[in-house]
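Here, each number is a calculation from the coordinates, and none is a lab measurement. Small disclaimer: the values here were computed from a predicted structure and weren't measured. Every residue, glycine as well, gets a Cβ built from its backbone with ideal geometry; the counts of neighbours run over all protein chains shown.
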Amino acid sequence: MTVTLDTMLRRDAGIYYAAIGSEGVMLNVNAGLYHGLNDVGVRIWELLETPQTAAQIRDRLVDEFEVERQVCQAAVLDFVGELLERGIILAGP
């Protein structure tokens with residue numbers, strides 16, 4: 001599935017998450033895989049506590065971090081697309 005700015009994203013309830021300083025680690029129980037997150041990845045995970053569109057995530061990150069809108073947009077779309085492929089997040093309401 002291709003992620004667009006209008007794609008509604010949400011966490012998969014089967015993912016376990018733990019903060020480690022400014023970073024985080026997730027365990028995908030179904031796949032038996034661990035995934036590490038940097039501070040921006042952690043912030044995206046926090047934002048997905050409630051369903052968000054990719055555009056909403058981008059807008060929050062642009063407000064919170066020193067990053068150009070287009071650069072942030074490309075990074076968000078790539079990152080959430082990867083999370084979606086790995087089964088860490090889900091698309092849809």
Send over the per residue convex hull volume for the chain, Cα only, as a whole number of Å³.
87 Å³
Loop-only GluC sites (Glu not before Pro) in the chain, please: DSSP not H, G, I, E or B, and at most 10 other Cβ atoms within 10 Å.
Glu49, Glu66, Glu68
Which value in deg cm²/dmol, rounded to the nearest 500, describes the helix-derived mean residue ellipticity at 222 nm for the chain, given -39,500 (n - 2.57) per DSSP H run of n ≥ 4 and division by the residue count?
-12500 deg cm²/dmol
Given a cut-off of under 8 Å on Cα pairs at least six residues apart, what relative contact order in percent is computed for the chain?
38 percent
Low-density loop trypsin sites (Lys or Arg not before Pro), the range 19-90, at most 16 other Cβ within 10 Å, DSSP non-H/G/I/E/B, are Arg86
Restricting the range 1-89 to chymotrypsin sites (Phe, Trp or Tyr not before Pro) in coil, as DSSP defines it, with at most 13 other Cβ within 10 Å
Phe65
Between Thr2 and Glu68, what is 0.36 nm times their sequence separation minus the Cα-Cα distance? Round to one decimal in nm.
21.5 nm
